[in-house]
Amino acid sequence: MSEGEKLRIHYFPKLRTLDIWFDDPGLEAESEAVTDNLILKLSGEGRVIGVEVLDVGGVSEEDVSRLPRSVRESLGQALREILKLVEA
């Protein structure tokens, strides 16, 4: 995520899903499953603009290791933001 971009986090507790957007969700042109639990959201140029976690409680280290490095870092940032909200 470049400087100036705003991380958007959408958590759906009933579904236990999490959408993390690094750019405008309206730019999504396609998606690509990385694991059974993680889906990359791609722009028309193939740039990763988001990631969907299908079961937040089921994210494994193996799942995360399959993500591109920049996405892993942003996912970590998003999870830290969620923890701040939960702990507040």
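For the chain, which span is the longest to avoid every loop-located (per DSSP) member of GluC sites (Glu not before Pro) having at most 15 other Cβ atoms inside 10 Å? Intermediate values should be presented prior to the final figure.
Values: sites that count: GLU3, GLU5, GLU45.
By the stated rule (loop sites, at most 15 other Cβ atoms within 10 Å), 46-88.
Averaging sequence separations of C-alpha pairs under 8 Å and six or more residues apart, then dividing by the length of the chain, give the relative contact order as a whole percent.
Values: 131 pairs, mean separation 21.0, N = 88.
It rounds to 24 percent for the chain.
Can you pull a Stokes-Einstein diffusion coefficient for the chain at 25 °C (0.890 mPa s), Rh from Kirkwood over Cα pairs, as a whole number of µm²/s?
Roughly 186 µm²/s, to the nearest whole number.
Computed from the coordinates by the stated procedures, all read-outs in this text should not be read as laboratory data. Every value quoted in this text rests on a predicted model; they were computed, and no experiment measured them. Neighbour counts run over all protein chains shown; Cβ positions are idealised from the backbone, glycine included.
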